[in-house]
Amino acid sequence: MKKISIVIILLLIVSCNDWDNRLVLLNYSNKKINFYYELMDDNIIIPNLKNCDKTFLPFIKSNDKDFLRTQNKWDLYLKDHPNKILRVFIIDTDTLSKYGVCRIFKEHNFIKRLDFSYEELVKQNWKIEYK
């Protein structure tokens, strides 16, 4: 009985952490890039990063990909919230190491900002391409 209880508890814990990883960022450029993504109100232009000096920005090598994961389904965040969009910021790795996260966002010194609604992500089959 004790073993069954442990198994049930473990299954509940695992099922509560179901990550949505269908959204992928593809780097088709010839350079390694860093990126930052966040769901934002459509009237907010850049993120308000508290402790931006401690913010880690993941990277993608040239001609590689990374998954933009969220703990809940993307649908929950975007589908029923038309004023919310996904903003993806593409950042040059050399610029990041030279200026740091705070200065890059403060001075809008990123390569590109990509904005997506739920409908646009569905239309693109949950693939964001950077070339």
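The values are calculated or read from the model by the stated rules, or taken from the named source; none is laboratory data. Everything numeric here is computed off the predicted structure, so don't read it as measured data. In this analysis, Cβ positions are derived from the backbone assuming ideal geometry, glycine residues included, and neighbour counts consider all displayed protein chains. Accessible surface is based on the protein model in full, side chains and every heavy atom, while ligands, DNA and RNA are left aside. Shrake-Rupley method; radii C 1.70, N 1.55, O 1.52, S 1.80 Å.
Below, the figures for the structure above:
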{"read-out": "Computed helical MRE - 222 nm, the chain, DSSP H runs ≥ 4 contributing -39500 (n - 2.57), nearest 500", "value": "-9000 deg cm²/dmol"}
{"read-out": "Environment charge of K31, counting only residues whose C-beta is closer than 12 Å and scoring Lys/Arg +1, Asp/Glu -1", "value": "0"}
{"read-out": "Dipole in debye (nearest 20) - the chain, about Cα centre, beta carbon charges: Lys, Arg +1; Asp, Glu -1", "value": "440 debye"}
{"read-out": "Degrees, to the nearest 10: 2-16 long Cα axis against longest axis of the chain", "value": "30 degrees"}
{"read-out": "Among 28-34, 90-96, the order from most to least packed when residues are scored by Cβ within 10 Å on average", "value": "90-96, 28-34"}
{"read-out": "Net charge contributed by nearby residues that have their C-beta within less than 14 Å of I46 (K/R +1, D/E -1)", "value": "+1"}
{"read-out": "Average accessible area per residue (Å²) across the chain - probe 1.4 Å, nucleic acids and ligands excluded", "value": "67 Å²"}
{"read-out": "Helix 93-106 axis, angle to the chain major axis (alpha carbon atoms, nearest 10°)", "value": "80 degrees"}
{"read-out": "Neighbourhood net charge (15 Å Cβ-Cβ; Lys/Arg +1, Asp/Glu -1) for H81", "value": "-4"}
{"read-out": "Prolate/oblate/rounded call for the stretch 20-91, Cα gyration tensor, a/c under 1.5 rounded", "value": "oblate"}
{"read-out": "For the stretch 85-131, the Rg and Dmax computed from alpha carbons only, in angstrom", "value": "12.8, 37"}
{"read-out": "Model label zone, K112; criterion: amide N under 11 Å from point 7 Å along Cα-to-beta-carbon; scope the stretch 27-60", "value": "27-30"}
{"read-out": "Separation of the D80 and E129 label points, Cα + 7 Å toward Cβ, nm", "value": "3.3 nm"}
{"read-out": "In the stretch 43-116, the chymotrypsin sites (Phe, Trp or Tyr not before Pro) that fall in loop regions by DSSP, at most 10 other Cβ within 10 Å", "value": "F56"}
